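Colleague: Starting off with a structure, shown below.
Bear in mind that the values in this text are calculations on the coordinates, not laboratory data. Computed from a prediction, not measured in an experiment: that's the story for all the values here. Using ideal geometry, Cβ is built from the backbone for each residue, glycine included, and neighbour counts are taken over all protein chains shown.
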Amino acid sequence: MGVGILVENLNAWYGSTHTLQDINLHIPANHATALIGPSGCGKSTFVRCLNRMHETNPVARATGVVKMGEIDIYKDASPVEIRRRLGMVFQRPNPFPTMSIYDNVISGLKLNGFRNRQILDETVERSLKQAALWEEVKDDLKKKSGASLSGGQQQRMCIARALAVDPEVLLMDEPASALDPVSTSKIEDLIFQLKSQYTIVIVTHNMQQAARVAENTGFFLNGKMVEFDSTHKIFTNPRDKRTEDYITGRFG
Amino acid sequence: MSTQPLSNQRRPMDFQSKSMRINSAWRSAMNYLVSGLSILATIIVILPLIAILFYLVYKGASSLNLAFFTHIPAPVGELGGGMANSIVGSAIVLLLASLMGIPIGIAAGVYLAEFGRGTALANAVRFTADVLNGVPSIVMGISIYSLIVMQQKHFSALAGGVALAIMMVPTITRTTEEMLATVPHAIREAALGLGVPKWRTAVSVSLRTASPGIITGCMLAFARVAGETAPLLFTAFGNQFWSFRLDQPIAALPLQIYVYAISPYDEWHRLAWAGSLVLIVMIMVSVTLVRIFANRGVLKGGS
């Protein structure tokens, strides 16, 4: 089951650039939350702060409180543990090129020393079914490299890989922006199904996509969160003039 | 968008114009020229290699017989004898060198690429590796002579192995670093994002992805030291008899070839040629074996 995320006064820097300024936000459990905004506004940095990927960059740092359920992710847990609980799907499919489809999906468990064959087999099947890829790859699981799949299949495999470690939250950083319309709609269907079990945060440049999959939407601009509300409200009756300008295509 | 019909516009490129036709002819001529030059360069590079191989076969093959692989060198004046002890000795010294040099070289390369980026220590290690790469092999031999042989007060297989290992390290370290640098950052992020610790990401993801290139680097380093004579002169020393002990002088093919080649006897010259042929074939076989072995697990469609 997913858990909610509470963000209080989150600030983030890359070197001397202040990329995120005083973000306050409550992401409800078992809902999809979309983050929109022009390039460079801090959306990706924001999701990377949620699973502490931000700090893998040596010049990056962050301050503030991020709570996942009862856990303060910057105080109560190690980054490695946090990343297991908040799965991440990246903008470009990034399969491990040397691993088979099977090993790709299971990599999160295997690389953490998990060896029980039966559970591994079951997890691969479950995650690939969740990611709607099982039927397409079930015959080549151990024969083909993960990199041999098409872009859309690779991205679904990466979603399966994230689901295999059984996270509570799924962070998706523009998961469909490198994909064609058919693959995109498959990913969107997937998000729709997955949010009953997981809390989903999706960064997107595609406003129709935000409207299709997310209950709530946040609008980011220049490192600040301008507005956060139900998706319907954001797209029909935004409070802030800048939000309205952005969604009507007047800038960005 | 202009609403004018296309034909009225000046097209950016009209492939039918005279200048474009000349241009096109010029381009294909250039294409042939450059392809021809690359092929020529390849032939020039490969030709000496083939010539050396053929010359070795021509000079050495006639002296190759079973005794060469089973007997130790015959005393001066007697005919026959072989290099069995040198072949085994070379194998032992090279195995020692690989066991020491490859892990250290790869570990240092992983440090440079994955953990030490930009730190003063990494820069120092990189600089040292580059300098070490340029140290003449005879200097390496003398250094190990004073560091190990003088301390132990005798020549030994171990000292030979250490000398060759130190020669392997810089090549392996720098290739490992270069190969790891070609691994896309997105792949590391994928692993880190799954909650895989950094060290495990470096070993099981980055290193594994870069492994074909790293294996090539190890093979280059191996092949380079396999034929080294100078560092062994003061360390492994050579031995006319069987020896399997690591703390005793041991025979090695390059040493035996050297001794036979500078001798005044025709029979020994012939054996030196045969030894050279065996040495080069041994290097080729071991490199090929490693390649086959390394390619066994590669999957369909992997990059």
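Colleague: Just the Kirkwood number for region B:181-245, please: inverse of mean 1/r across all distinct Cα pairs, in Å, one decimal.
Modeller: Result for region B:181-245, one decimal place: 15.2 Å.
Colleague: Moving to a separate point now. Which number comes out as Rg/Rh for the protein assembly as shown once both Rg and the Kirkwood Rh are worked out on C-alpha atoms?
Modeller: Here Rg/Rh amounts to 1.12.
Colleague: Something else about it: Quick one: work out the % antiparallel among DSSP beta bridges in region A:116-252, nearest 5.
Modeller: So the antiparallel bridges in region A:116-252 amount to around 55 percent.
Colleague: How many angstrom lie between the C-alpha centres of region A:128-166 and region B:158-197?
Modeller: First find each Cα centre; the distance between them is then 29 Å.
Colleague: Related question: Can you work out the FRET efficiency for the pair A:K241 and A:Y14, with r the C-beta to C-beta distance and R0 = 41 Å, to the nearest 0.05?
Modeller: Working from the Cβ atoms, E equals 0.90.
Colleague: So how tilted is helix B:84-110 from the main axis of chain B? Cα-based, degrees 0 to 90, rounded to 10.
Modeller: The helix B:84-110 is inclined about 40 degrees to chain B.
Colleague: Let me ask you something else. May I ask you to derive the relative contact order of region B:78-294, considering only C-alpha pairs under 8 Å and at least 6 residues apart, and to give it as an integer percent?
Modeller: 29
Colleague: To make sure I understand, if each residue's beta carbon is the centre and we count other beta carbons within 10 Å, what order do A:C41, A:C49 fall in, fewest to most?
Modeller: Starting with the residue having the fewest Cβ neighbours, the order is A:C41, A:C49.
Colleague: What's the extension gain from B:I52 to B:S19 if we count 0.36 nm per residue and subtract their Cα-Cα distance?
Modeller: 6.9 nm
Colleague: Counting each DSSP H run of 4 or more residues in chain A as -39500 (n - 2.57), what helix-only mean residue ellipticity at 222 nm follows after dividing by all residues, to the nearest 500 deg cm²/dmol?
Modeller: -10000 deg cm²/dmol
Colleague: Cα to Cα, under 12 Å, and not fewer than 8 places away if on the same chain: which aspartates and glutamates meet these conditions relative to A:K110?
Modeller: The qualifying aspartates and glutamates are A:D121.
Colleague: With 27 Å as the limit, write out which pairs from A:K43/A:K144; A:K43/A:K138; A:K142/A:K186; A:K43/A:K241; A:K224/B:K198; A:K75/A:K186 have Cα-Cα distances beyond it, or answer none.
Modeller: Pairs exceeding the cut-off: A:K43/A:K144; A:K43/A:K138; A:K224/B:K198; A:K75/A:K186.
Colleague: Would you order A:E122, B:E177, B:E228, A:E136 from fewest to most other beta-carbon atoms within 10 Å of each residue's own beta-carbon?
Modeller: So the ranking, lowest neighbour count to highest, is A:E122, A:E136, B:E228, B:E177.
Colleague: Quick check on the exposure proxy: order B:T201, A:T217, B:T42 from fewest to most C-beta atoms within 10 angstrom.
Modeller: Ranked by crowding around the Cβ, least crowded first: B:T42, B:T201, A:T217.
Colleague: Let me ask something else. Let me check against my output: what whole-number percent is the relative contact order of chain A, with C-alpha pairs under 8 Å and at least 6 apart?
Modeller: Contact order relative to length: 28 percent.
Colleague: Could you work out [θ]222 nm for chain B from helices alone, using -39500 (n - 2.57) per DSSP H run of at least four and dividing by all its residues? Round to the nearest 500 deg cm²/dmol.
Modeller: It comes out at -21000 deg cm²/dmol, rounded to the nearest 500.
Colleague: Here is a follow-up. Apply 1/(1 + (r/R0)^6) to the Cβ-Cβ distance of A:E215 and A:E125, taking R0 = 30 Å, and write down the FRET efficiency to the nearest 0.05.
Modeller: With R0 = 30 Å, the Cβ-Cβ based efficiency is 0.50.
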